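Working notes, structure below.
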Amino acid sequence: MRPASASPQTPADSAPGPDLDPGLAPNPGPDADQRPTARRFAGVATMVASGLSNQTGAAIGSHAFPVLGPLGVVAVRQYVAAIVLLAVGRPRLRAFTWWQWRPVAGLAVVFGTMNLSLYSAIDRIGLGLAVTLEFLGPLCIALAAARRRVDACCALVAAAAAVTLMRPRPSADYLGMGLALLAAVCWASYIMLNRTVGRRVPGAQGSAAAAGLSALMFLPVGIAIAVRQPPTVSAAVYAVTAGVLSSAVPYLADLFTLRRVPAQAFGLFMSVNPVLAALVGWVGLGQDLGWTEWISVGAIVAANALSILTRRG
């Protein structure tokens, strides 16, 4: 469930330079050979912690559904994301032109719709299945841009796995699956809009402005829910915790990770999020998947991993 927070720049866009002090001598000594390995290890450890934080936050947020509903939890999460991103990005809103505001506004709408549809899907079909179906969005973007036979095969495998997950059966919740697929479409749109925003607005200002605008859109919702049914202390804590774990922590972790691991490794680990979601849902919420579902989740993850590992450059 990665798109819960506005993503920082991609590795290719940010292109950070070596993290070295300018005063170091050309031959820094034998310890320098260990630095890349240590940096990679730190990056991988951060990715693991970020992924678990993201999915754990979603699981914790679901405990507030009986009181706040998915809409209320998403509203709180948008507020938390806005606070974090506005503090980090510090957008100069008055300097934005209409040419810059258009994709930012679109990103804000997609950001809120994506989280709302995903959390509504989690409420109906569980964390693991919802995140797996949502992951089809970025997977389709990646495979559609490819021109290799292996990518075509990966697309067929992912499509077959998705059909298997959504196969007709008495207990199937098609509304929940439809909401998860809507989240997938939003995530794909989010990726495309983020690219446009990244080209038109410097740094993280665009993402921060979009998060702030999305939070403003959800402000009337939060007020209405609070007036109609004042939240309990526990529900409010669950919702805020979900915002911190699924928005603040992943965003800050990405800022750290993208400077320490290659883009290929980052994309490869991102594909493991459906598995993490299924595990967190199983352990934390008792949402067990059958063998067919587990195999389908594994097939979608494997399709993405194979596509990434066979790329050159």
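Numbers below:
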read-out	value
Accessible-area order (highest first, 1.4 angstrom probe) of the listed residues E293, E134	E293, E134
Ranked packing of 242-253, 270-281, 227-238, most packed first, by mean Cβ within 10 Å	242-253, 270-281, 227-238
Peptide ranges 298-308, 214-224 listed from the most packed, as the mean C-beta count within 10 angstrom indicates	298-308, 214-224
Cα-Cα separations in the range 189-256 greater than 17 Å, expressed as whole percent	60
Loop sites in the range 146-226: trypsin sites (Lys or Arg not before Pro), DSSP, at most 13 other Cβ within 10 Å	R147, R148
Note, ³J(HN,Hα) from phi for the range 206-213, Karplus 6.51, -1.76, 1.60, rounded to Hz, x at Gly and Pro	x, 5, 5, 5, 5, 5, x, 5
Extreme residue, positive dipole direction of the range 111-173, given options L127, C153, L116 (C-beta unit charges)	C153
Exposure of D173 as accessible area (Å², to 10), given a probe of 1.4 Å and all protein chains	40
Accessible-area order (highest first, 1.4 angstrom probe) of the listed residues I191, I295, I225	I295, I191, I225
Normalised alpha carbon radius of gyration of the range 173-220 [divisor 2.2 N^0.38 Å]	1.43
With DNA, RNA and ligands ignored, accessible area of V44 (1.4 Å probe; Å², nearest 10)	70
J(HN,Hα) series, the range 46-56, from Karplus relation 6.51 cos²θ - 1.76 cosθ + 1.60, nearest Hz, glycine and proline x	5, 5, 4, 5, 5, x, 5, 4, 4, 6, 5
Largest to smallest principal axis extent of the C-alpha atoms in the range 122-165, angstrom	37, 18, 10
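The values are calculated or read from the model by the stated rules, or taken from the named source; none is laboratory data. No experiment lies behind these values; they were computed from the predicted model shown. No Cβ is skipped: glycine too gets one built from the backbone with ideal geometry, and neighbour counts run over all protein chains shown. Just the protein is used for accessible areas: all its heavy atoms, side chains included, with ligands, DNA and RNA removed. Shrake-Rupley method; radii C 1.70, N 1.55, O 1.52, S 1.80 Å.
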